[in-house]
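**Q** Would you mind keeping the following structure in view while I ask a few things?
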Amino acid sequence: MNPLNSILGTIISGFILAIAITFALNPGFAPNPWEVWVWLHVLVGIAWIGLLYYFNFVQVPAVGAAVADANSGGPGPAAINKYVAPRALLWFRWAAVATWITGALALEAMHIGEGSGMHAAFTFQAGYQAIGMGAWLGTIMLFNVWVLIWPNQKKILGLTATPASADEIAKAKKVALMASRTNTLLSIPMILGMTAQAHGFPF
């Protein structure tokens, strides 16, 4: 059976390969919780930010083009809104949660002094300023996903118990778009905070 025939098989095979490479390159086995959580944090973070960029760079312009095309007899955005968007938003919002949780666990694992790594980061203690900035921005972005983007996307896609009015949908589109664009903006310095913690700021 070819594991590449299913996404689950592909992911499991990827983890098996990564673990095999770890043992091959690091035969003196010693648990490293910090790297475990950072590795998982980066993996789920790629899923979250990748979908964020997909929505902003691909889906939003595509839906706009599909709406314009529908006016001249094209298929319109129905397929995207019915089949693609709900599935993408499911992965998007839970990847955001997973990214925040694995990030918090990585902060705790990297902290070698007394107290909490999260507290050190969120209060910008010495040695934690860069990652603290990234943690704050990531937290704001998580808030935007669950409080602004997802509730308004449910109205736009007709996933609420009571159908939204045209005015409610128009307002929801604006709020969701601005929150999504805000997250896109914040993602750039947030990623800088993640990389600068280990490598220093670019200048």
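**Q** Only residues in the stretch 145-165 that are on the phi > 0 side of the Ramachandran plot and surrounded by fewer than 18 Cβ atoms within 10 Å (Cβ to Cβ) count as the first member; pair them with residues that are part of a loop (DSSP other than H, G, I, E, B) and among the hydrophobic types (A, V, I, L, M, F, W, C), Cβ under 9 angstrom, at least 6 apart or cross-chain, and list the lot.
**A** Short answer, once both residue conditions are applied: 158/164.
**Q** Quick one: would you say residue 15 is within 26 Å of the chain's Cα centre (by Cα) and in the same structural domain as residue 170 (by TED's automatic domain parsing)?
**A** Judged against the criteria, residue 15 is not a match.
**Q** Related question: Only one residue in 52, 40, 90, 105 is in contact (Cβ under 8 Å) with a residue 24 or more places away in the chain, in the same structural domain as residue 119 (by TED's automatic domain parsing) and closer than 24 Å to residue 179 by Cβ. Which one?
**A** Among 52, 40, 90, 105, only 52 is in contact (Cβ under 8 Å) with a residue 24 or more places away in the chain, in the same structural domain as residue 119 (by TED's automatic domain parsing) and closer than 24 Å to residue 179 by Cβ.
**Q** Scan the stretch 172-203 for residues that are of a type in the set (Lys, Arg) and either in contact (Cβ under 8 Å) with a residue 12 or more places away in the chain or surrounded by 15 or more Cβ atoms within 10 Å (Cβ to Cβ) (or both) and report the count.
**A** The total comes to 2.
**Q** Could you list, in sequence order, the residues of the stretch 116-163 that are in contact with a Gly (Cβ under 8 Å, 6 or more places away or on another chain), closer than 17 Å to residue 179 by Cβ and aliphatic (A, V, I, L, M)?
**A** 137
**Q** Right, another one. Residue check: is residue 75 more than 17 Å from residue 138 (Cβ to Cβ) and either of a type in the set (A, V, I, L, M) or within 20 Å of the chain's Cα centre (by Cα) (or both)?
**A** For residue 75, the condition - more than 17 Å from residue 138 (Cβ to Cβ) and either of a type in the set (A, V, I, L, M) or within 20 Å of the chain's Cα centre (by Cα) (or both) - is not met.
**Q** Among (1) in contact (Cβ under 8 Å) with a residue 24 or more places away in the chain; (2) out of contact with any helix residue (DSSP H, G or I) (no Cβ under 8 Å at 6 or more places or on another chain), there is one condition residue 69 misses while meeting the rest; what is its number?
**A** Only one criterion in (1) in contact (Cβ under 8 Å) with a residue 24 or more places away in the chain; (2) out of contact with any helix residue (DSSP H, G or I) (no Cβ under 8 Å at 6 or more places or on another chain) is unmet by residue 69, namely (1).
The values are calculated or read from the model by the stated rules, or taken from the named source; none is laboratory data. All values derive from a computational prediction rather than experimental measurement. Note: ideal-geometry Cβ built from the backbone for every residue, glycine included; neighbour counts use all protein chains shown.
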